[in-house]
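Below is one structure, written out as structure tokens, with a few remarks after it.
The values are calculated or read from the model by the stated rules, or taken from the named source; none is laboratory data. Every value quoted in this text rests on a predicted model; they were computed, and no experiment measured them. Neighbour counts run over all protein chains shown; Cβ positions are idealised from the backbone, glycine included.
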Amino acid sequence: MKTSEHTNGIDRISEEAALWVVRMEDEYVSDEDIQHFRDWMSISERHRSIFKELSQLSHEYNHLGVLSREADIDLSDNLTQRQSTLKRARLITIKQWWSAPRITAAAMVFLALLTGLLFFPNEQMHMTHVGQRLVIPLADGSTVYMNSNSQIKVNYKRPQRLIELVYGEAVFKVAKMPDRPFVVHSGSGTATALGTEFNVRNRHTDVTVTVLSGTVLVEPDVTDPSGPATAFENHEARELLKAGQQITYNTQLGKVQKLLEKELTRTASWREGRLFFDDKSLEEVIQEISNYTTQKIIIADGSLQSLRVGGVFKVDDIDSIISMLEAALPVSAIQVSPDLIMLLERKKTNGSIVSQ
């Protein structure tokens, strides 16, 4: 058991070391990345030794300017000769490393990174199922928080970091890299940030961008192969959003909205599994909570759709949400089947949902 735990620990450190080597090789490495790297190197001697071993291997491929300085590795000897025999060095190093008895899964991945097989692949896809939420760390240090029933595509190619929110909702916490803009494409527009945190929601036909911190430029999408026809009708429309501001677009770019502090907090409260509703219609509420359950919820009586709802809901407890609706509104929920709930009208009463 102790041996297994020790081995797993080494594999974890090796994987982290491999990622740090790749990141420190990048010509766009930031001062913040360097500081995080120094903190990681200071954890233990094992961290430093594994990193240096992988760094020496990596040097057979590149002259690692920042990496060599930070890892205290001497790369000056015979640099010209090594560069001139780069191709031969790659083959020799791979052969030697592959035959070593200490090879791990992390080392295999690292070799693929070095040879370009996995280094920022053309496209990575991440998706969440209904009721699932994920946190996705990206190679540049940015983080994506994916809401239920969402899909993103990641395409990191210089000089940009491109993300497509195909559908759903996500918060993007962007690592600062001034020379490599972070661009989120969704629907007919794009949101570009340098170092910030913002929420993008693409449900149905509209896309809403909310800036939690920093600034974000929202403009037509002109990168789509199908051309400007898929972008805004006004191709010159664009808005620079600041923290606390929100905008919605489809084929037209809407007006900038200034959110109150509580409204801003609630925008991304789904990350904690909570939904806030303030005087929303029952139709809107059912439409939103349907993103978190595989059960289909139908409002059978059209007259119920405009009933007003307010309160806080836990997205992981659909049964409680339905019970709260029944308690406060003139509705009855009928479980028609395991996958279908129908909301019917009952004797009307006054009141709304009050959060607990």
Practice task
Go through region 266-298 and count every residue that is in a strand (DSSP E or B) and either of a type in the set (Val, Ile, Thr) or over 13 Å from residue 341 (Cβ atoms) (or both).
Solution key: 10
Problem - Qualifying residues in region 109-154 (those that are small (Gly, Ala, Ser) and farther than 30 Å from residue 54 by Cα) - the one modelled with the lowest pLDDT - result: 131
Problem - Flag for residue 246 being buried (at least 19 other Cβ atoms within 10 Å of the Cβ) and either free of Cβ contacts under 8 Å to residues at least 40 places away in the same chain or β-branched (Val, Ile, Thr) (or both) - result: yes
Handout entry: Odd one out for residue 257 among (1) assigned by TED's automatic domain parsing to the domain that holds residue 219; (2) over 29 Å from residue 129 (Cβ atoms); (3) touching a residue at least 24 places away in the same chain (Cβ under 8 Å); (4) of a type in the set (S, T, N, Q)
Key = (3)
Exercise for the section: Restrict the check to region 219-230 and report whether at least one residue is modelled with pLDDT of 85 or more and closer than 18 Å to residue 187 by Cα. Expected result: yes
Practice task
Could you please let me know if residue 282 is modelled with pLDDT of 85 or more, under 18 Å from residue 201 (Cβ atoms) and not aromatic (Phe, Trp, Tyr)?
Solution key: no
Problem - Looking only at region 287-308, and only at residues there that are closer than 27 Å to residue 198 by Cβ and of a type in the set (Val, Ile, Thr), the one that is surrounded by the most Cβ atoms within 10 Å (Cβ to Cβ) - result: 293
Handout entry: Test result for residue 131, in a loop (DSSP other than H, G, I, E, B), outside the structural domain of residue 290 (by TED's automatic domain parsing) and over 21 Å from residue 218 (Cβ atoms)
Key = yes
Practice task
For residues that are under 24 Å from residue 273 (Cα atoms) and in a loop (DSSP other than H, G, I, E, B), scanning just region 158-204, find the one that is farthest from the chain's Cα centre (by Cα).
Solution key: 204
